[in-house]
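One structure is given below, encoded as structure tokens.
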Amino acid sequence: MCSSVTHRYIGIFNFFIVIPQLLAASVLGFLVKTFFADAPIYRLAVGGVSTLLAGLFTLRIPERSSLALLRATTADGRRG
């Protein structure tokens with residue numbers, strides 16, 4: 001059975017999905033009409049560039065080894 005900690009992390013992860021979707025839905029149409037003369041192909045280009053930038057930014061995140069993560073986690077799932 002899932003613990004409340006798992007549910008909390010699922011909820012936080014959901015923020016990273018929903019907030020960018022809301023931002024894109026509310027702002028991207030205006031930006032494309034303003035800067036790209038309402039050509040829909042540029043919406044795809046903006047999305048592609050954003051995805052590439054996000055991928056590059058993830059390379060800056062320091063990686064922790066799996067063994068160190070296992071040592072730092074207690075038996076009940078909390079970090080100790």
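The values are calculated or read from the model by the stated rules, or taken from the named source; none is laboratory data. What you are looking at is a predicted structure, and each value in this text was computed from that prediction instead of being measured. Ideal geometry is used to build each Cβ from the backbone, glycine not excepted, and the neighbour counts take in all protein chains shown.
For the reader, a short list of remarks on this structure follows.
- Of the residues making up segment 23-38, those that are in a helix (DSSP H, G or I) and surrounded by 10 or more Cβ atoms within 10 Å (Cβ to Cβ) are 23, 24, 27, 28, 29, 31, 32, 33, 35.
- Boolean, residue 78 is of a type in the set (D, E, K, R), on the phi < 0 side of the Ramachandran plot and modelled with pLDDT of 80 or more: no
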